[in-house]
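Data first, discussion second: the structure below is written as structure tokens.
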Amino acid sequence: MKLRYAMVCSSNQNRSMEAHALLKREGFDVSSYGTGQHVKLPGPSLREPNVYDFGTPYKHMLEDLRRKDPELYRRNGILTMLKRNVAVKLAPQRWQENAADGTFDVVLTFEEKVFDMVVE
């Protein structure tokens with residue numbers, strides 16, 4: 001029996017997607033999710049994050065940030081992260097809306113608040 005794994009962080013961008021990419025490369029049955037209300041990426045300042053809805057394709061986010069300020073988002077690594085994400089799956093998914101994906105044998109969370117939301 002092959003185990004099913006879920007990786008969960010807040011926005012399904014950084015930690016959950018890095019783990020998803022690594023486990024997928026190694027042949028694991030893995031999915032990834034976020035628990036936040038929206039997907040948030042760093043913006044030009046802490047008060048100006050880039051906010052997207054779950055389900056917005058990573059490719060769209062990549063193109064949007066390239067239009068806004070390609071040098072800033074290249075320098076801070078966001079473009080590289082989004083390129084990785086595009087290669088893993090279409091778009092960020094929200095844990096609370098994953099019922100159609102079935103059950104998982106192992107669920108890994110990357111923050112205490114995310115753990116609490118998964119359990120809830």
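The values are calculated or read from the model by the stated rules, or taken from the named source; none is laboratory data. Predicted model only: the values in this text are computed from it and were never measured. Note: ideal-geometry Cβ built from the backbone for every residue, glycine included; neighbour counts use all protein chains shown.
Restricting the stretch 77-120 to residues that are in a loop (DSSP other than H, G, I, E, B) and among the hydrophobic types (A, V, I, L, M, F, W, C) leaves a set whose member that is modelled with the lowest pLDDT is Phe110. Restricting the stretch 32-84 to residues that are in contact with a helix residue (DSSP H, G or I) (Cβ under 7 Å, 6 or more places away or on another chain) and among the aliphatic types (A, V, I, L, M) leaves a set whose member that is nearest to Glu112 (Cα to Cα) is Leu41. Taking the criterion of being among the hydroxyl-bearing types (Ser, Thr, Tyr) and more than 12 Å from Val114 (Cβ to Cβ), the residues of the stretch 1-31 that qualify are Tyr5, Ser31.
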